[in-house]
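Encoded as structure tokens, the structure appears first; notes follow it.
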Amino acid sequence: MQNPKVILYFIDGLGIGTRNENNPLANIENIEPLAHFQNEKSNLIYDGVLVPTDACLGVEGRPQSASGQTTILTGINAPQILGHHKQGFPNQKLRDVIAENSIFLQLKNLKIEPNLFANAYTKQYFETHYLRWKSATTCAVEAAEMSFRMIPDLLGGFAVFHDFTNEFLRERGIDVPILSAAEAGKNLAKLVESNRFTLYEHFLTDKIGHEQDFEWAKRHLPDLAEMIRTVLQNINLETTTFILTSDHGNIEDLSVRNHTLNKVPTIIWGRKRHEIAKNINDLSDITPAIISLLKK
Ligand SMILES: [Zn+2]
């Protein structure tokens, strides 16, 4: 058998809410497999398994990105270490947790390679934003001394931008072609097939939630769903496990600007999905699950 592979498709700010007029997931067509509701059974495409996953991690307050993402990418309960949920970008304490426990570092130490963070970075990011705005994912890649994918990689189909269509890059004057959701999905699928572990990060969902922008949700969610379906169509689910998860709820309730306390959907497709689903309760279970899938 071929070496097993994993993709972690991380979506910022996607929770499991209730069916009402404030939940775009309940009011937009063609967004399978993104829409899940409390106390409702989900029938998932490609026989996926849904695990409603706790993002609060036993710490009071609304779950936040820096601590949630650190937890997902390390398997360490970061809010518990800090005593609170941390917004935005990791502070030094969280950077230290990631430097020691990054999933990329754990895989490297086990000699499970090659691995990839599929998101493309711009030169401008490293020139101007890097020191102030260093995401948990950026720290996780650096912990294993891996290289970042840049715009030339994107042009060659070897990276995907966080918005996946490249519209945000074009707006900033960077000369790249606009991709359809399906084209971006095919590119990501190719990367998944040529690496052991691939991470992709998408955070416009969280931005839409903070802006409470129903119209944007209406335009964006069907594309995001199509991108995910295209990846699923173009990878070998006999040998690959596709894990989708989020750091906290947000977009599922546009009546509030804040994150929600809702559970997040962890969805698992492909190889060993049922086995893995049994071991996931909260965000700290994601990294151990990935390691167990890839370890001999
Ligand atoms: Zn947020």
Check: In segment 74-88, what residues are within 16 Å of the ligand (Cβ to nearest atom), surrounded by 16 or more Cβ atoms within 10 Å (Cβ to Cβ) and within 17 Å of Thr138 (Cβ to Cβ)?
Finding: Ala78, Lys86
Check: So which residues in segment 124-153 are surrounded by 12 or more Cβ atoms within 10 Å (Cβ to Cβ), of a type in the set (Ser, Thr, Tyr) and assigned to a helix (DSSP H, G or I), if there are any at all?
Finding: Tyr125, Thr137, Thr138
Next item on the list: Looking at (1) surrounded by fewer than 21 Cβ atoms within 10 Å (Cβ to Cβ); (2) over 27 Å from Gly88 (Cα atoms), find the lone condition where Val192 falls short.
Entry: (1)
Next item on the list: Please find, within segment 59-78, the residue that is nearest to Phe89 (Cα to Cα) out of those that are in contact (Cβ under 8 Å) with a residue 40 or more places away in the chain and in a loop (DSSP other than H, G, I, E, B).
Entry: Gln64
Note to self: Just to verify a result, which residue in segment 9-62, among those that are more than 16 Å from the ligand (Cβ to nearest atom) and of a type in the set (Lys, Arg), is nearest to Glu215 (Cα to Cα)?
What the structure shows: Arg19
Next item on the list: Find all pairs meeting these conditions: Cβ atoms under 6 angstrom apart; at least six residues apart or on different chains; first residue within segment 195-217 and in contact (Cβ under 8 Å) with a residue 40 or more places away in the chain; second residue of a type in the set (Asp, Glu) and more than 12 Å from the ligand (Cβ to nearest atom).
Entry: Leu204/Asp163
Next item on the list: Determine whether Val256 is over 22 Å from Ile178 (Cβ atoms), within 16 Å of the ligand (Cβ to nearest atom), out of contact with any Cys (no Cβ under 6 Å at 6 or more places or on another chain) and among the aliphatic types (A, V, I, L, M).
Entry: yes
Notebook entry, point to check: Only one residue in Asn91, Asn22 is without any contact (Cβ under 8 Å) to a residue 60 or more places away in the chain and among the polar types (S, T, N, Q). Which one?
Noted result: Asn91
Notebook entry, point to check: Is it the case that segment 30-45 has a residue that's assigned to a strand (DSSP E or B) and in contact with a Lys or Arg (Cβ under 7 Å, 6 or more places away or on another chain)?
Noted result: yes
Checklist line | Residue in segment 100-123 that is over 20 Å from the mean Cα position of the chain (by Cα) and either crowded, with 19+ Cβ neighbours inside 10 Å or within 16 Å of the ligand (Cβ to nearest atom) (or both) present | finding: yes
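Residue-wise test of (1) hydrophobic (A, V, I, L, M, F, W, C); (2) without any contact (Cβ under 8 Å) to a residue 40 or more places away in the chain.
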{"residue": "Asn115", "(1), (2)": "no, no"}
{"residue": "Ala136", "(1), (2)": "yes, no"}
{"residue": "Ala140", "(1), (2)": "yes, no"}
{"residue": "Ile151", "(1), (2)": "yes, yes"}
{"residue": "Phe158", "(1), (2)": "yes, yes"}
Next item on the list: Would you tally the residues in segment 246-268 being surrounded by fewer than 24 Cβ atoms within 10 Å (Cβ to Cβ) and either basic (Lys, Arg) or in contact with a helix residue (DSSP H, G or I) (Cβ under 7 Å, 6 or more places away or on another chain) (or both)?
Entry: 3
Margin query: Residues that are over 22 Å from Val6 (Cβ atoms) and within 16 Å of the ligand (Cβ to nearest atom): does segment 271-291 have at least one?
Written below: no
Note to self: of a type in the set (Phe, Trp, Tyr), out of contact with any Gly (no Cβ under 6 Å at 6 or more places or on another chain) and surrounded by fewer than 18 Cβ atoms within 10 Å (Cβ to Cβ): which single residue out of Phe161, Phe168 fits that description?
What the structure shows: Phe168
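Taken together, the values in this text are just the output of simple stated rules run on the coordinates, not laboratory data. Just so we're clear, the structure is a prediction, and the values are computed from it rather than from any experiment. Every residue, glycine as well, gets a Cβ built from its backbone with ideal geometry; the counts of neighbours run over all protein chains shown.
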